1. Provide a single number: the residues in region 580-622 that are in contact (Cβ under 8 Å) with a residue 12 or more places away in the chain and open to solvent by 60 Å² or more (accessible area, probe 1.4 Å).
2. I'd like to check which helices (runs of 4 or more DSSP H) are fully inside region 580-623 and have at least 3 residues that are in contact with a Leu (Cβ under 7 Å, 6 or more places away or on another chain).
3. Give the number of residues within region 150-186 that are hydroxyl-bearing (Ser, Thr, Tyr) and under 14 Å from Gly19 (Cβ atoms).
4. Report whether or not Gly413 is open to solvent by less than 10 Å² (accessible area, probe 1.4 Å), out of contact with any strand residue (DSSP E or B) (no Cβ under 7 Å at 6 or more places or on another chain) and at positive phi.
5. Going through region 263-291 one residue at a time, which ones are in contact with a strand residue (DSSP E or B) (Cβ under 9 Å, 6 or more places away or on another chain), modelled with pLDDT of 75 or more and open to solvent by 30 Å² or more (accessible area, probe 1.4 Å)?
6. For the structure I just gave you, tell me whether Leu96 is aliphatic (A, V, I, L, M) and part of a helix (DSSP H, G or I).
7. From the list Ile553, Ile487, Ile570, Ile528, which one is open to solvent by less than 30 Å² (accessible area, probe 1.4 Å) and under 37 Å from the mean Cα position of the chain (by Cα)?
8. Return the residues of region 359-379 that are under 20 Å from the mean Cα position of the chain (by Cα) and open to solvent by 10 Å² or more (accessible area, probe 1.4 Å); say none if nothing qualifies.
Amino acid sequence: MSNVVENYDIVVVGAGHAGCEAALACARLGFETICFTVSVESIALMPCNPNIGGSSKGHLVRELDALGGEMGKNIDKTYIQSKMLNKSKGPAVHSLRAQADKSAYTLNMRRVMENTDHLTIRQAEVSEIIVNEGKITGVKTFSGATYNAKAVVLCTGTYLNARCVYGDVANYTGPNGLSAANHLTDSLIKNGVEMYRFKTGTPARVDKRSIDFSKMEEQFGDEEVVPFSFTTKKEDLQREQVSCWLTYTNEETHKIIKANLDRSPLYSGDIKGTGPRYCPSIEDKVVRFSDKPKHQVFVEPEGLYTNEMYLGGMSSSLPEDVQYAMYRTVPGLENVKIVRNAYAIEYDCINPVQLKSSLEFKNIKGLFSGGQFNGSSGYEEAAVQGLVAGINAAMYIKGEEPLVLDRSEAYIGVLIDDLVTKENFEPYRMMTSRAEYRLILRQDNADLRLTKYGHKVGLISDERYEAVLDKERQISKEVERLENTPIGANQKVQALLEACNSTPLKTGTTLAELIKRPELSYEMLKEIDANREELAEDVIEQVNINLKYDGYISRQLKQVEHFKKLEQKIIPEDIDYDKVGNLRAEALQKLKKFRPRSIGQASRISGVSPADISVLLVYLSIK
């Protein structure tokens, strides 16, 4: 066994999307950080679809960028198609999604990691956490080397005791055939960590040359691409994009799947792990939605310099011969050749209710965790947790208050709060419907909401923060001007309104009131707005949204005010719930298990009623 002993401030275990963000945050904050990976080739790997963003996930990436993370910058450099989703709906659900060049994304993130001061990358398997008197002091690798540290961040993704399965074929590897991490789980259990067994899956990758695209619908990117990162200049993003394609399964596809369900490890009982409800395999879809004659199949390129195409919507763990049979019933895939089989992957992760809102373990000081290891799914969910865990590992060493975003401040706050207060028996996926305050948590204003926090912890420069403050001032000034600029019912105004199919004025009004009309906008009123100054596009966007949705936003801000009052009632960490008295048995059990940080968080725990909250409030007021 190795006698190597090294000392670091922070150890990060794993270099997927969570591990990269955690390691970069720690190193950029000046802490000597070592990041372990089972393979250097797997840094920021995209073992499933090589895309970033999508509904609600685009919000997460922009929030991560506002806090000083790297994912947004990386996808801006490596995207091959970009599209704003839900454009026909309101701005609260607009979400950016970009297809990445898979290898370029990985290589670019690896380059950033390798050239970041204070960051060391090490290919080795961490097999043990070292805990002394309830406090983390380092890790050991499988070779026996010891790495002492003041804090540790676990971001193991889908690698812990991983098993890839299709049909009766089982490979004890991580995704893409990479080595699994087979020893850390035992050490975690020994230290009192409760583990879950989850599963996820991926579809086949197929050879582009064997596809007949004439039978599919071509899907184009947006003509004008919007950046993920607030630091990326829009003009630097406009480049030639590649097409994606849409086709559909049919009754014949479904017939083949149904006839072979007994050969699927999902249905035979061979796979014990729980899969994500909102990203089901094609077998699940055919069984659960048996009334649907067809399902969408998105055929998407894996990169510019490969012929591999990803069959989105058809993830599976069916045997190889069944995969060929079902894929070849799909229009355009009649002669398809598989490059990599579809498979399901089972892996170990934790029950996240063991974590504080800072993503530190409640029972092990200095041990943090992020990503799929926390029972979530998705690259974006992983990345934001990694960033928060990394920041808070640094704050822990500094002896400063952790960064905790609440549900009214960020989708990140919703995600983490859901993980630590709700019992999730399947991989958690972020959705816009989970955010109560989504009208004010839009992706377009993530910088205005969160840059102050990135600056406070030290990941955002003074210059970048000052630019956001200036943007804020410009928005306020322009909204105020528009609210105080009267407009009469003169001929020029009436002609403009008529041209825009808007009701003529009977009396005078203000420019702000006109902008609130659904058919009008800030830009459309330019010719009747004599005192208008030139403003940046992003400032105009905020002015337009703030005025158009003024009533709804004001209502939501009042709801947030009430929510904040409950969030600010902090529950002491050492509270003895047995002494509270008059709590119902279920509430007592749940409060002892979750140990919420505030009254607001306690009120969101299933099994804790409003009456229990009242009892708790009375007890805290007496204390």
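1. Qualifying residue count for the region: 10.
2. 599-603
3. Residues that pass the stated criteria total 3.
4. no
5. Leu266
6. When the stated conditions are applied, Leu96 does not pass them.
7. Ile553
8. Listed by number, the residues that qualify are Glu360, Gln372, Ser377, Gly378, Tyr379.
The values are calculated or read from the model by the stated rules, or taken from the named source; none is laboratory data. No experiment lies behind these values; they were computed from the predicted model shown. Ideal geometry is used to build each Cβ from the backbone, glycine not excepted, and the neighbour counts take in all protein chains shown. Accessible surface is based on the protein model in full, side chains and every heavy atom, while ligands, DNA and RNA are left aside. Shrake-Rupley method; radii C 1.70, N 1.55, O 1.52, S 1.80 Å.
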